[in-house]
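Asker: Please find one structure pasted underneath; my questions will follow.
Throughout, read-outs are computed from the coordinates displayed, never taken from laboratory work. Since the structure is predicted, the reported quantities are computational estimates derived from the model, not experimental observations. Because the Cβ atoms are built from the backbone with ideal geometry, glycine has one as well, and the counts that use them run over all protein chains shown.
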Amino acid sequence: MTDPEIRQLLFSRLAKRKTFDDSQICEEIPIQNGLVRADVVLCGNKLECFEIKSHKDTLKRLFAQGWHYGQCFDQVNLICATKHIDKSLGIIPRWWGVFEVTGSGSLTMLRKAQNNPQISSHGMADLLENNKAREILKQFGSSKGVSRMSHSQLQKAIGEQLSVSQLRELTKRALIERQSTRWRPSEQVA
């Protein structure tokens with residue numbers, strides 16, 4: 001199965017959740033100024049990441065991706081082809097959820113995602129584009145030098161001023177606003 005086909009399977013499964021109507025699906029969310037991208041993020045009462053590894057993918061980047069996801073998201077799930085299951089379980093943290101996708105198109109939960117024990121407002125701020133981060137800092141009373149701050153300086157300043165719960169709500173809104181103007185891989189499926 002291709003990445004867009006797996007996304008459609010995932011979206012169908014997510015649509016069955018009781019809380020789905022109050023959620024928004026976002027795709028290809030950049031982290032660390034685009035160094036890493038989260039395949040799918042469900043913005044609901046928490047930020048839930050879904051990393052997809054199709055049969056054609058490799059696991060080369062999974063460790064680095066996992067480190068970044070562990071800084072940003074409330075929960076993380078790996079959606080992977082059968083051939084990747086054993087190896088990926090040795091790479092990802094125990095708190096990640098795991099779904100197996102078979103060549104025939106079934107999606108089976110192997111492990112339920114737990115809450116991220118290491119999430120921080122500093123890490124979550126990494127999901128924000130610089131303009132949005134500046135806007136948030138100004139909204140919370142910081143305006144001196146904000147316009148000249150780099151991404152990492154903005155991330156640090158937000159992490160020092162806002163709690164995870166404050167930033168979660170602001171980040172969800174920012175991701176949803178950004179998503180409305182972006183291309184989505186799931187749109188490739190006919």
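Asker: Once every DSSP H run of n ≥ 4 in the chain is given -39500 (n - 2.57) and the sum is divided by its residues, what mean residue ellipticity at 222 nm do you get, rounded to the nearest 500 deg cm²/dmol?
Answerer: Value at 222 nm, helices only: -10500 deg cm²/dmol.
Asker: Let me ask you something else. To the nearest 20 debye, what is the magnitude of the charge dipole of region 3-116 about its Cα centre, counting +1 on the Cβ of each Lys and Arg and -1 on the Cβ of each Asp and Glu?
Answerer: 340 debye
Asker: Something else: Need the list of lysines near residue 156 for cross-linking: C-alpha distance under 26 angstrom, and skip anything on the same chain fewer than eight residues off.
Answerer: Partners within reach: 46, 132, 138, 144, 172.
Asker: Sort region 3-116 into rounded, prolate or oblate with this rule: let a ≥ b ≥ c be the square roots of the eigenvalues of the Cα gyration tensor; rounded if a/c is under 1.5, and if a/c is not under 1.5, prolate when a/b is larger than b/c, oblate otherwise.
Answerer: Because its axes are fairly even, with a/c under 1.5, region 3-116 counts as rounded.
Asker: Now for a separate question. Only counting other Cβ atoms within 10 Å, I'd like 31, 92 sorted with the fewest neighbours first.
Answerer: Exposure proxy ranking, most exposed first: 31, 92.
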